[in-house]
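Laboratory data are not the source of any read-out in this text; all were calculated from the coordinates shown. Here the structure is a predicted model, which is why all the values come from computation and not from measurement. Using ideal geometry, Cβ is built from the backbone for each residue, glycine included, and neighbour counts are taken over all protein chains shown.
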Amino acid sequence: MAFFKRMVPALLAAALLGGAPALADEQYFPLQSFRVGPYAAPGSGFFGGFIDYMNLINVRDGGVNGVKLTWSEGETEYEVEKGVEVYQRLKSNPGVAAWNPLSVGIAYAMIDGITKDKTSLVTIDHGRTDTTDGRVFPYVFPLLMNPYSESSGIINYLAAKEGGPDGLKGKKIVVLYHGSPYGKETIPIYDLLARKFGFKVVQIEVPHPGNEQQAQWLQIRRERPDYVVLRGWGVMNPVALTTAQRNGFPATKIIGNVWSNSEEDVLPAGEAAIGYTALTTQASGHDYPVLKDITEQLYDKGLGNLSDRGRIGTVYHNLGIVNGILNVEAVRIAQEKFGHRTLSGDEIRWGFEHLQLSPERVKQLGAENLFHSINVTWDNHEGQGYVTFQQWDGKKWKVVSDWIAPDWALLRPIIEKSAEAYAREKGIKIRTEADVDTVSAK
Amino acid sequence: MSLSADVPVAPPRVNLRALGLLALLAVAVLVVPVIASPYVIEAILLPFLALSLAGLGLNLLTGYGGQVSLGSAAFMAVGAFAAYNFQLRLGVSLPLAIVLAAATAAAIGVVFGLPSLRLRGFYLAVSTLAAQFFVQWALTKFSWFSNDSASGVVAAPRLTVASLDLDAPQGRYLFALTLVVGITFLVHRIVGSRAGVNLIAVRDDETAAKVIGVPVLRTKLVAFAISSAIIGVAGVIWAYAYLRTVEPAGFNLDRSFQVLFIIIIGGLATIRGAFLGAALIVVFPLLLARTSSFAFEGLVDAGVLKLVERVVLGLVIILFLIAEPNGLSAILGRATARLRAVLRRG
């Protein structure tokens with residue numbers, strides 16, 4: 001009987017559609033990827049991992065509750081105007097779930113547009129920090145870790161290394177940052193942390209793309225800091241490590257941020273990178289069940305996205321997989337509320353605003369120790385991700401710390417102040433909790 | 001003395017051509033906003049208009065005046081940031097902000113044009129590089145320009161003229177189109193005027209120009225001023241109407257080269273060259289990407305496909321320049337002449 005009960009509406013629907021084969025429900029991910037240009041290595045690793053995970057969901061589970069995931073790519077070369085063109089081109093496709101451009105510049109240029117479209121914009125581990133404030137930015141999600149949390153996580157780690165909160169008193173830290181919107185984002189926060197912990201901070205810019213750093217490292221040599229925090233991107237990172245070695249600055253005293261933490265950053269530096277430590281939100285390696293599934297069900301059958309199998313389980317590939325998990329789980333959470341069907345962008349926004357994955361749930365997903373947990377709420381779009389630190393031994397990354405929590409309470413007032421200023425400038429009404437459940441089905 | 005022989009525009013049969021241009025304009029104003037999709041406006045027409053205008057400005061200086069400049073993107077940045085700051089700090093209306101931005105760009109243009117009084121050719125090109133680097137450095141270094149925004153990126157204000165809201169794609173398109181058409185008409189008048197003839201005289205032989213009484217120094221500086229002002233307005237369109245964010249990194253040396261290539265490919269010392277060149281630079285890569293993704297998506301590695309596209313784009317540009325070193329404008333001129341001959345015979 002149950003079978004017939006289920007069949008009747010289906011048959012009715014089929015009859016109403018005039019016998020045409022009913023279209024399977026699909027959820028579409030437009031991908032603004034970059035596989036050529038100076039940032040091809042992070043781009044191909046990240047989007048490779050993201051696609052691999054979505055593909056795994058389709059192949060292994062038959063989609064999310066039967067809803068197939070689809071995607072198409074547009075090349076941005078990490079350039080803003082190309083990213084905008086791809087956004088304009090792909091946004092008219094049906095069933096757009098969320099945008100993941102992996103570029104602060106492109107994300108900035110999309111905020112107005114996606115807010116009008118009511119579609120989410122995910123900037124995992126990066127992005128504009130004040131978009132953490134969901135009261136002002138309902139559709140923007142700097143998931144896991146925004147740049148301020150990253151800075152706080154690094155300083156907490158260094159303080160613990162020096163024996164506690166007072167350990168950094170009187171020390172000197174140089175922050176070497178990429179000359180781009182991404183690189184400049186944390187300047188005020190390091191000044192604040194320096195005041196709080198009592199260390200002296202010197203912030204030095206490396207002009208994009210960063211393949212010449214002799215002047216900067218000469219200055220670092222004069223400053224004689226206790227640590228150098230490397231906020232690099234792409235080619236800037238290996239050049240920093242080799243130039244440091246040439247100037248006699250030990251790699252063990254250099255701490256990389258989340259965009260200076262990949263194999264592609266250290267391998268070109270060779271010997272100079274041994275002992276270098278970097279922050280990450282997701283561990284590297286392929287000992288996690290989800291990566292085993294990807295290897296067996298995709299790569300062994302020729303369905304994997306990376307052309308080089310050796311890159312499976314590298315930092316960027318794993319970040320892409322974690323990004324896939326977060327996107328897919330947001331869709332799943334939204335489906336529990338709105339039904340197992342193609343959802344609107346706004347419905348998926350609701351899913352992101354309830355994206356709470358406890359360590360137990362992360363384990364169920366086969367990602368235990370790959371990343372810690374996430375706890376997104378309507379007004380906190382970052383979700384309090386934990387960070388960990390890994391050291392390069394010349395061949396692979398070795399985790400050298402526990403999961404560390406950034407000082408969210410310290411950062412929140414600054415984020416709110418900046419978001420409120422943005423709201424005033426743009427004439428945006430600040431949301432309240434009541435607005436969260438007003439969801440557009442289109 | 002007859003001017004028309006020296007000036008590529010303003011040919012004898014002005015009426016026919018004027019009619020054609022009017023028809024084109026009517027289509028651009030009346031038909032395009034109605035039928036063009038937001039994608040066509042946002043991703044193709046707006047960057048096309050902004051880069052055409054920048055090309056037009058540079059063509060005045062480089063094509064007509066013979067002064068090579070690698071600082072176009074810097075003047076775009078000056079225009080965009082000046083308009084933003086005038087609106088933010090003085091609260092002036094958008095049209096006034098654009099005029100002030102053009103004036104600011106012109107002033108900076110004159111300053112960096114001063115070396116042109118002593119330098120020529122490659123040496124001048126290198127000295128305009130200074131403008132490129134200095135402006136970008138200053139805008140990044142002093143966060144006052146971007147209203148102390150943490151990342152140096154600012155969101156452009158809403159586009160409103162009087163009480164007219166131009167924030168929709170169509171509105172922004174008409175805003176850009178109005179500026180481009182108005183300025184193109186002005187440039188057309190300038191190159192046909194005494195000043196335009198002086199400019200060409202300076203380009204062709206500076207010494208001879210001086211001998212026949214052309215005020216060389218003033219002509220060069222005026223060319224730098226007008227050219228920079230136009231490129232500054234192009235920067236406003238780029239930032240306000242197209243990207244809607246303003247950031248120094250978007251106006252880097254690559255953009256300067258892009259504008260220079262537009263006029264070389266389109267045709268130096270012609271007005272339509274800037275438009276043809278911008279069309280090739282903006283539209284052709286998109287067409288290529290669409291075609292290749294349509295034909296090969298999923299079959300070839302996406303990264304490899306992109307690299308092949310770049311090779312093809314480079315080859316096409318080289319072929320165009322071999323076929324016609326005077327650019328697309330000359331090719332178009334030959335094509336219309338042939339068509340006219342056929343029509344006359346038929």
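Within a straight-line Cα-Cα reach of under 16 Å, A:Lys301 can be paired with the following aspartates and glutamates, leaving aside sequence neighbours fewer than 8 residues apart in one chain: A:Asp52, A:Asp293. Springs join every pair of Cα atoms under 10 Å in this Gaussian network model of chain B, and among B:Ile317, B:Ile262, B:Ile230 the largest mean-square fluctuation is at B:Ile317. Sorting A:212-221, A:148-157 by their mean Cβ neighbour count within 10 Å, with the most densely packed peptide first, gives A:148-157, A:212-221. Within straight-line reach of A:Lys363, meaning a Cα separation under 17 Å, sit the following lysines at least 8 residues removed in sequence or on another chain: A:Lys292. Springs between Cα atoms under 10 Å define the GNM used for chain A, and in it the highest mean-square fluctuation of A:Gly127, A:Gly232, A:Gly366 occurs at A:Gly366. Would you give the gap between the C-alpha center of the stretch A:245-268 and the C-alpha center of the stretch B:15-36, rounded to a whole Å? Computed from Cα coordinates, the inter-centre distance equals 58 Å. Packing here is the average count of other Cβ atoms within 10 Å per residue, and on that basis the peptides A:428-438, A:411-421, highest first, run A:411-421, A:428-438. Using only Cα atoms and rounding to the nearest 10 degrees, what angle (0 to 90) does helix A:80-90 make with the longest principal axis of chain A? So the inclination is approximately 10 degrees.
Taken about its Cα centre, chain B carries a charge dipole of roughly 980 debye when the Cβ of each Lys and Arg holds +1 and the Cβ of each Asp and Glu holds -1. The lysines whose alpha-carbon is closer than 24 Å to the alpha-carbon of A:Lys196, local same-chain residues fewer than 8 away aside, are A:Lys161, A:Lys169, A:Lys171, A:Lys172, A:Lys184, A:Lys253, A:Lys417.
Label separation (A:Arg195 vs A:Asp402): 3.0 nm, computed from points 7 Å beyond Cα along the C-beta direction. Angle of helix A:315-338 to the longest C-alpha principal axis of chain A, folded into 0 to 90 degrees and rounded to 10: 40°.
Take each residue of peptide A:106-113, count the partner chain Cβ atoms within 10 Å of its Cβ, and average: the result is 5.
Compute the angle between helix A:104-117 and the longest alpha-carbon principal axis of chain A, please, reported from 0 to 90 degrees and rounded to the nearest 10. Helix A:104-117 sits roughly 30 degrees off the main axis of chain A.
I want the local charge near B:Ser149. Using Cβ-Cβ distances under 15 Å, sum +1 for each Lys or Arg and -1 for each Asp or Glu among the other residues. With Lys, Arg at +1 and Asp, Glu at -1, the neighbours total +2.
Only Cα pairs under 8 Å and 6+ residues apart enter the sum, and on that basis the relative contact order of chain B stands at 30 percent.
Highest mean packing comes first when the peptides B:170-178, A:26-34 are listed by Cβ atoms within 10 Å, giving A:26-34, B:170-178.
Summary of the geometry: the stretch B:198-214 and the stretch A:101-166, compared by the centres of their Cα atoms, lie 58 Å apart.
For the pair B:Val342 and B:Ala23 in one chain, pulling the backbone fully straight at 0.36 nm per residue adds 112.6 nm over the alpha carbon distance. What you get for the protein assembly as shown, charging only the Cβ of Lys and Arg (+1) and of Asp and Glu (-1), is a dipole of about 2380 debye around the Cα centre.
Set the Förster radius R0 to 45 Å, insert the Cβ-Cβ distance between A:Gln364 and B:Ile35 as r into 1/(1 + (r/R0)^6), and round the FRET efficiency to 0.05. Computed FRET efficiency for A:Gln364 and B:Ile35: 0.30. At q = 0.05 Å⁻¹ the log10 of I(q)/I(0) for the protein assembly as shown amounts to -0.29, computed by Debye summation with a single uniform scatterer per C-alpha, solvent ignored.
Based on alpha-carbon centroids, what's the gap between the stretch B:287-346 and the stretch A:295-354 in Å, whole number please? Taking the Cα centre of the stretch A:295-354 as reference, the centre of the stretch B:287-346 is 39 Å away. Remark: mean inter-chain Cβ contacts per residue of A:87-96 equal 3, using a 10 Å Cβ-Cβ cutoff to other protein chain atoms. For the options A:Val36, A:Val258, A:Val122, a Gaussian network treatment of chain A with springs between C-alpha atoms closer than 10 Å singles out A:Val36 as fluctuating the most.
Please name which of B:Leu58, A:Gly167, A:Ala98 has its Cα lying farthest along the dipole of the protein assembly as shown towards the positive end, using unit charges on Cβ (Lys, Arg +1; Asp, Glu -1) and the Cα centre as origin. My answer, from the dipole projection, is B:Leu58. For the segment A:177-183, counting C-beta atoms of other chains within 10 Å of every residue's C-beta and taking the mean gives 4.
Computed from label points 7 Å out along Cα-Cβ, the spacing between B:Lys210 and A:Thr438 is 7.1 nm.
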